[in-house]
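What follows is a set of notes on a single structure, which appears directly below.
The values are calculated or read from the model by the stated rules, or taken from the named source; none is laboratory data. Fair warning: this is a prediction, and the values are worked out from it, not measured in the lab. As a convention, Cβ positions derive from the backbone with ideal geometry for all residues, glycine included, and neighbour counts pool all protein chains shown. Protein only, heavy atoms only, side chains kept; ligands, DNA and RNA dropped before computing areas. Shrake-Rupley method; radii C 1.70, N 1.55, O 1.52, S 1.80 Å.
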Amino acid sequence: MNPVVRTILQRLGLGIGTLLVVSIIISLAIEMLPGDFARAVLGQSATPETVAAFQREVGLDRSPVVRYFEWMGGVLRGDFGESYASAGSLAGHRRLVADMIGPRLLNTLFLAGVAALVAVPLALFLGIMAALHRNSILDRGVNVVSLVSISSPEFFLAYILIMFLAVKLPIFVSLASISPSMSVLERLYVIALPAITLVLVIVAHMMRMTRAAIINLLASPYIEMGRLKGARPMQIILRHALPNAWAPIANVVALNLAYLVVGVVVVEVVFTYPGIGQLMVDAVSKRDLPVVQGCALVFAATYILLNLIADIVTIASNPRLLHPR
Amino acid sequence: MSETAKPSAGTRTKGDVLLEIRDLQIEGESDEVWRPIVRGVDLTLKRGEVLGLIGESGAGKSTIGLAAMGYARGGCRFSGGSVVFDGIDLRAVSDEARRKLRGSRIAYVAQSAAASFNPAHRLMDQTVEAELREGIRNRTEAEKDAIELYRRLRLPNPEEIGFRYPHQVSGGQLQRAMTAMAMTCRPDLIIFDEPTTALDVTTQVEVLAAIRDIVDQFHTAAIYITHDLAVVAQMADRIKVLRYGKSVEEAPTREMLANPREEYTRSLWSVRKLGKQEQPGGEPILQVKNVTAAYGNTVRVLNDVTVTVPRGRTVAVVGESGSGKSTLARVITGLLPPIEGQVVFDGQALPPALKERAQDTLRRIQMIYQMPDTALNPRQTVYEAIGRPLEFYRGLSGAKKEARIVELLNLIEMDESYVDRLPGELSGGQKQRICIARALAAEPELIICDEVTSALDQIVQEGILQLLMRLQRELGVSYLFITHDIATVRAISDEIVVMFQGRVVQQGPKSRVLSPPHPPYTELLLSSVPEMDPDWLTNLLARRKAQPAAVKAGDY
């Protein structure tokens, strides 16, 4: 088998293994959550009988190991279980976890995708320009701005943006509530502020890594050779340095994209955006365990998938692996 | 080939001045102080002429070579003088004008082609880069021309080699591909910066011949930088000797070789005359018996190798890179357990793996490496580097340890003032001496020297070799001396083992191995060692043409 394909399959297998381990950790963590789930769901006034009935219905009376395997078995079939909120005699209709997570995940991916489409090219561009004009005013300016934005808490950035771009200059709206009936353009307009916040948060990290990865290579003999062949400074960076710098850059990009899906809770709360982060926070406070488990698994899968893609980019950018002797 | 592509070769006769450097001064920055690297060097090069620049490392050879392109490395700057190339004052014109000259009219061939080719691009893309950028040819023509150059440089598969990546091509081939790359724009001047230093002698012959031919064919002027006199004697019309950034003397090659005027030049010549009287072998201290070894069970690196080292003698192991010399050292030290065969030390078979060996066995076999820079921990002082084996093997501490460290420093002709230095504060030769002292601290009976002088200048080399010989006389230590340098072998060995592709080709006392008749590979190896005679390469090539060698070097 082609060694590259083999390596990728190995990584994929490893990723699935990691996901399994993570699923166990999620279940363990949930076991350790304090508080009585039934009471949290049913309220303090629930009678012991209702509590017992609820526990039987959702299976809390069985051992954690059995519940784990049941849950995993369901997940493998694409069934993430039912929300506790719909269980018991108090709720009228049943709500599947998958149905709750699905639309929220799509919302999150939409916001993340918009932020990534702006942030990644911007970070690469700024990183390359900073490396090209090292120690110039441009380089220092970009560094200072990115350091400020990376050091500020994201809710702070979010409120500053709201204050200036929604209150003082009412260009955008501060509430990013979207509904299925909105057109793409309307959605883009509504999510402008959260997207800008996210861009500000992740651009710095990626830009700094791009700059560092390129500068790190500028001392290589083949870069000097490029100069002695009369290549222009921009060609040196784009043709001679960047192709060898993809590996570290891809890894940082993957981490930041994962953050866009996994770490956006705060931004979602500030802008009341109906994403998966908010769903998970709500579920934790309501002790809606199947939803928490489902969300956690989606987050883990996101991380693993993005890191896998970064690995593939690393392999594909290394001719030693791609074209063995 | 179009007319514009190849500036009329007829006009390029030797005669008019192409490059004129006057009173060149270049400074380098270290610890925020600018210190002179080149101090007032003059240089004149005519069209079609090859000038050899020779000197030890730090003499400023490369800096001057790059200055001829109007280029100063990072941390260096021009501080005086002028560089005039074909009427253009390179120090006065704009960056853009200088950039346009580079690659198209002045080209550069670097020491390590393996490091100087960009790992991310195919050879062809890199070869044609400059001419496409300058619009000299279109891509199809450029590739056709590159293939023609590959052919002229005698690269195997000239049609296809361009479509390989640098890591898929051997060092000798890369060096020739880099020469092809320099030739694409038919520059007026090429700077060759130690282009064969990193190559095996057998490969070096091919590359030297290829470079000489192509420079001749296109009447290109060249500055040929090297520290190897015998090499420069083959390549240059004139030789300029440099030391400490100043010119020592300059003369036509034959004149320079026949009567060097300056004392320093003569000292460069004399290094090769170091020699040792061969002594007959005695009882063996080390016997490597029928060893076969491999990395990862697939590639056999050693095949049925048997080597004996007599006590108190020096056995030199010679062969080109990839012949298994260093692997042999790894087997002896236990770093690589062999698949078959055994290592017998002082009459006892050693356990194959390092961790099964007793501490005292480890003490008795020590190793010195090629690169003292990487063999010494940069954060450990001389005291720590030498003191550690004293503690570990000899259990010394406190005043006893200190006294012994001073003793060892004296033994290697250094003194206690060096005790607190870090490796970064020592010269290359001093660092290698510290490595020797560290090995001696264990009071070993056998020291394996793996290319210990290859990274050093000739004069420093001589000092290290003399030190090793003196230590052997005084302490009776035995050496297994791994090297690819035949001059070193002549200088210090009692017995010689010739290795080729993981096998021992020949083995015996120095006098027998070095005198004819030789087995074919030994013949190839010995005949490839450059000699001071400026006609050596010409004669060798003629001889080889008349009588094709039975063995070819693995590298080309």
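Scalar couplings 3J(HN,Hα) for region A:171-183, obtained by applying the Karplus form with A = 6.51, B = -1.76, C = 1.60 to θ = phi - 60°, are 8, 10, 9, 8, 9, 9, 8, 10, 10, x, 7, 6, 7 Hz; x denotes Gly and Pro. Kindly state, to the nearest 0.05, the FRET efficiency for B:Ser511 paired with B:Met532, given R0 = 22 Å and r defined as their beta-carbon distance. About 0.50, to the nearest 0.05.
Could you check how many percent of all C-alpha pairs in region B:207-249 are farther apart than 17 Å? So the portion of pairs separated by more than 17 Å is 34 percent. For region B:18-270, DSSP calls about 60 percent of its internal beta bridges antiparallel. The magnitude of the dipole of region B:18-270, with charges of +1 and -1 set on the Cβ of Lys/Arg and Asp/Glu and taken from the Cα centre, is near 180 debye.
Computed from the alpha carbon atoms alone, the convex hull of region B:18-270 holds 131 Å³ per residue.
In terms of accessible area, using a 1.4 Å probe and ignoring ligands and nucleic acids, B:Lys400, B:Lys545, B:Lys61 rank largest first as B:Lys545, B:Lys400, B:Lys61.
Largest accessible area first, the residues A:Arg140, B:Arg438 order themselves as A:Arg140, B:Arg438 under a 1.4 Å probe with ligands, DNA and RNA left out.
For A:Ile160, the solvent-accessible surface with a 1.4 Å probe is about 60 Å², rounded to the nearest 10.
Ignoring ligands, DNA and RNA, what percent of the 1.4 Å accessible area of region B:18-270 is carbon and sulfur?
Details: 3870 of 8720 Å².
Summing carbon and sulfur atoms, their accessible area is 44 percent of the total for region B:18-270.
Subtracting the Cα-Cα distance of A:Ala247 and A:Ser179 from their residue separation scaled by 0.36 nm leaves 20.6 nm. The antiparallel fraction among DSSP beta bridges confined to the protein assembly as shown stands at about 55%.
Taking a cut-off of 31 Å, what percent of all Cα-Cα pairs in region A:105-285 are separated by more than that? Intermediate values should be presented prior to the final figure.
Values: 4347 of 16290 pairs.
Result for the distance tail: 27 percent.
Summing charges over neighbours of A:Leu122, with a neighbour being any other residue whose Cβ is under 15 Å away from its Cβ, gives +2 when K and R count +1 and D and E count -1.
Before anything else, pin down the relative contact order of chain B: Cα pairs under 8 Å, at least 6 apart, normalised by residue count, whole percent. Reported as a whole number, the value is 15 percent. Taking amide H positions as modeled 1.01 Å from N, with prolines and chain starts lacking one, the residues under 5 Å from B:Glu249 and 5 or more places away or on another chain are B:Val241.
Any idea what the relative contact order of chain A is, in percent, if you count C-alpha pairs under 8 Å spaced at least 6 apart? Walk me through the numbers before you get to the answer.
Details: 348 pairs, mean separation 83.1, N = 325.
Taking the mean separation of contacting Cα pairs over the length of chain A, I get 26 percent.
Among rounded, prolate and oblate, which fits region B:154-226 when a ≥ b ≥ c are the square roots of the eigenvalues of its C-alpha gyration tensor, a/c under 1.5 means rounded, and a/b larger than b/c means prolate?
Because a/c hits 1.5 or more and a/b fails to exceed b/c, region B:154-226 counts as oblate.
The modelled label-to-label distance between B:Glu356 and A:Ser45, using points 7 Å beyond Cα along the C-beta direction, is 8.0 nm.
How long are the three semi-axes of the equivalent ellipsoid for region B:231-295, computed from the Cα gyration tensor as the root of 5 times each eigenvalue, in whole Å, largest first? All intermediate terms of the calculation are to be shown ahead of the outcome.
Details: eigenvalues 347, 63, 29 Å².
Working from the Cα gyration tensor, I get semi-axes of 42, 18, 12 Å.
Over the residues of the protein assembly as shown, the helix contribution to mean residue ellipticity at 222 nm works out to -15000 deg cm²/dmol, using -39500 (n - 2.57) for each DSSP H run of at least 4. The overall shape of the protein assembly as shown, judged from the alpha-carbon gyration tensor, is prolate: a/c is not under 1.5, and a/b is greater than b/c. Taking the Cα centre of the protein assembly as shown as origin and assigning +1 to Lys and Arg Cβ atoms and -1 to Asp and Glu Cβ atoms, the resulting dipole is close to 740 debye. When restricted to Cα atoms, region B:79-197 yields an Rg and a Dmax of 14.9, 47 Å, respectively.
Put a plus charge on the Cβ of each Lys and Arg, a minus charge on the Cβ of each Asp and Glu, and nothing anywhere else: the dipole of region B:51-182 about its Cα centre is then about 220 debye.
Treating each Cα of region B:411-481 as an identical point scatterer and summing with the Debye formula, the log10 of I(q)/I(0) at q = 0.15, 0.20 Å⁻¹ comes to -0.48, -0.87. Using a/c under 1.5 as the rounded threshold, could you call chain A rounded, prolate or oblate? The axes a ≥ b ≥ c are square roots of the C-alpha gyration tensor eigenvalues, and prolate needs a/b larger than b/c, oblate otherwise. Oblate, because a/c is 1.5 or more while a/b does not exceed b/c.
Taking only protein heavy atoms and a 1.4 Å probe, what accessible area per residue, in Å², does the protein assembly as shown have with all protein chains in place? Present the calculation step by step, with values, prior to reporting the outcome.
Values: 39060 Å² over 881 residues.
Per-residue accessible area for the protein assembly as shown comes out at 44 Å².
Where both bridge residues fall in chain B, DSSP classifies roughly 55% of the beta bridges as antiparallel. Note on B:Arg77/A:Leu188: beta-carbon distance plugged into 1/(1 + (r/R0)^6) with R0 of 30 Å gives a FRET efficiency of 0.05.
Under a 5 Å amide H cut-off, with hydrogens placed 1.01 Å from N, B:Ile190 pairs with B:Ala107, B:Ala221, B:Ala222, B:Ile223 among residues at least 5 apart or on other chains. With R₀ set to 35 Å, the beta-carbon distance separating B:Arg394 from B:Glu283 gives a calculated FRET efficiency near 0.85.
Order the following by accessible area, largest value first: A:Asp61, B:Asp228. Probe radius 1.4 Å; ligands, DNA and RNA are ignored. Let's see the in-between values first.
Values: A:Asp61 95, B:Asp228 25 Å².
Descending accessible area places them as A:Asp61, B:Asp228.
Couplings for region B:282-296, taken from phi via the Karplus curve 6.51 cos²θ - 1.76 cosθ + 1.60 with θ = phi - 60°, read x, 5, x, 8, 9, 10, 9, 10, 6, 7, 10, 9, 8, 9, x Hz in order; Gly and Pro are left as x.
Just need the relative contact order of region A:105-285 here, percent rounded to a whole number, with Cα pairs under 8 Å and 6+ apart.
Working: 196 pairs, mean separation 61.7, N = 181.
It rounds to 34 percent for region A:105-285.
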